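Engineer: Below you will find the structure I want to go over with you.
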Amino acid sequence: MERYLPVGTRIVRVMPNTPCLVGATASAYALGRCASVEDGKDVENILSACGKTFNVKENLLDAVTGLSGSGPAYVYIMIEAMADGGVRMGLPRSVALNLAAQTVFGAAKMVLETGEHPGLLKDKVASPGGTTIAGIHALERVGFRGCVMNAVEAAAKRSKELSEAAEEEKSKSKL
């Protein structure tokens with residue numbers, strides 16, 4: 001992007017996500033070559049007002065897009081699927097949806113506030129021979145983790161493709 005702007009233009013590339021609308025964003029930003037440390041502080045202050053933000057290198061922004069930019073959609077699918085499971089087992093839709101959403105919220109809060117690894121927290125819930133380990137086994141049998149990792153990778157790759165296509169289009173328009 002910088003090559004299409006006047007030399008010395010200060011650029012900061014930002015990747016927020018839709019939870020910024022409720023003050024719970026997970027965003028990242030990268031300083032351009034001419035952006036100052038002060039520019040970074042200003043951007044961090046603005047983004048931090050809406051949630052958490054991280055300064056990353058430019059080459060990592062496609063990964064950020066695949067993870068936290070697209071991530072809310074993955075979580076919405078998980079919440080919807082959990083709620084559908086609850087409905088299938090007899091819960092009223094509104095109760096199932098609220099239980100699923102609150103469960104995801106609470107689990108995320110546990111990860112963020114305890115600082116414990118999600119695997120350790122999972123192990124604290126999954127008792128030997130119990131209901132949770134049976135559910136985890138069902139998820140693992142269909143490759144749940146791999147599916148989620150593949151989704152992040154696919155979105156990151158698509159972000160890179162879109163960036164490259166935009167660069168190519170700008171190059172053509174300059175001719």
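The values are calculated or read from the model by the stated rules, or taken from the named source; none is laboratory data. All values derive from a computational prediction rather than experimental measurement. Note that we place each Cβ from the backbone using ideal geometry, even for glycine, and neighbour counts take in every protein chain shown. Heavy atoms of the whole protein, side chains included, go into the accessibility calculation; ligands, DNA and RNA do not. Shrake-Rupley method; radii C 1.70, N 1.55, O 1.52, S 1.80 Å.
Engineer: Scan segment 1-19 residue by residue and report those that are exposed (fewer than 14 other Cβ atoms within 10 Å of the Cβ) and among the hydrophobic types (A, V, I, L, M, F, W, C).
Structural biologist: Residues satisfying the conditions are M1, L5, V7.
Engineer: Does G40 count as open to solvent by less than 60 Å² (accessible area, probe 1.4 Å) and in contact with a helix residue (DSSP H, G or I) (Cβ under 9 Å, 6 or more places away or on another chain)? I'd like the intermediate steps shown before the answer.
Structural biologist: Numbers: open to solvent by less than 60 Å² (accessible area, probe 1.4 Å): yes; in contact with a helix residue (DSSP H, G or I) (Cβ under 9 Å, 6 or more places away or on another chain): no.
No, not satisfied.
Engineer: Then there is this: Tally the residues that are surrounded by 10 or more Cβ atoms within 10 Å (Cβ to Cβ) and over 14 Å from M82 (Cβ atoms), restricting the search to segment 132-144.
Structural biologist: Here the count works out to 5.
Engineer: Can I ask one more? Taking segment 126-163 on its own, how many of its residues are β-branched (V, I, T) and in contact (Cβ under 8 Å) with a residue 24 or more places away in the chain?
Structural biologist: Applying the first criterion (β-branched (V, I, T)) to segment 126-163 yields 131-133, 136, 142, 148, 152.
This time we only want the ones that are in contact (Cβ under 8 Å) with a residue 24 or more places away in the chain, so: 148, 152.
Qualifying residue count for the region: 2.
Engineer: Name the pairs whose Cβ atoms lie under 8 Å apart, with the first residue in segment 112-125 and without any contact (Cβ under 8 Å) to a residue 60 or more places away in the chain and surrounded by 13 or more Cβ atoms within 10 Å (Cβ to Cβ), the second among the small types (G, A, S) and in a helix (DSSP H, G or I), and 6 or more positions between them or separate chains?
Structural biologist: L121/A107
Engineer: Okay, moving on. Any idea how many residues of segment 117-160 are in contact with a helix residue (DSSP H, G or I) (Cβ under 9 Å, 6 or more places away or on another chain) and charged (D, E, K, R)?
Structural biologist: 6
Engineer: Check A151, A108 and return the single one that is in contact with a Phe, Trp or Tyr (Cβ under 6 Å, 6 or more places away or on another chain) and surrounded by 12 or more Cβ atoms within 10 Å (Cβ to Cβ).
Structural biologist: None of the others qualify; the one that does is A151.
Engineer: Select, from S70, S27, the only residue that is within 30 Å of K160 (Cβ to Cβ), touching a strand residue (DSSP E or B) at 6+ places or on another chain (Cβ under 9 Å) and among the small types (G, A, S).
Structural biologist: So the residue among S70, S27 that is within 30 Å of K160 (Cβ to Cβ), touching a strand residue (DSSP E or B) at 6+ places or on another chain (Cβ under 9 Å) and among the small types (G, A, S) is S27.
Engineer: Additional query: When the residues of segment 20-37 are filtered to those that are open to solvent by less than 30 Å² (accessible area, probe 1.4 Å) and within 24 Å of the chain's Cα centre (by Cα), which remaining residue is modelled with the lowest pLDDT?
Structural biologist: Taking the candidates together, the pick is G32.
Engineer: Of all the residues that make up segment 17-75, how many are without any contact (Cβ under 8 Å) to a residue 40 or more places away in the chain and part of a loop (DSSP other than H, G, I, E, B)?
Structural biologist: Adding up the residues that qualify gives 11.
Engineer: Looking at segment 1-13, I want the residues that are hydroxyl-bearing (S, T, Y) and have a partner that is surrounded by 10 or more Cβ atoms within 10 Å (Cβ to Cβ) and modelled with pLDDT of 90 or more with Cβ atoms under 8 Å, at least 6 apart or on another chain. Which pairs are those?
Structural biologist: Close Cβ pairs (under 8 Å, with a partner that is surrounded by 10 or more Cβ atoms within 10 Å (Cβ to Cβ) and modelled with pLDDT of 90 or more) amount to T9/G32; T9/C34.
Engineer: Assess whether A100 counts as being touching a residue at least 40 places away in the same chain (Cβ under 8 Å) and open to solvent by less than 70 Å² (accessible area, probe 1.4 Å).
Structural biologist: Here the answer is no, as A100 does not meet what is asked.
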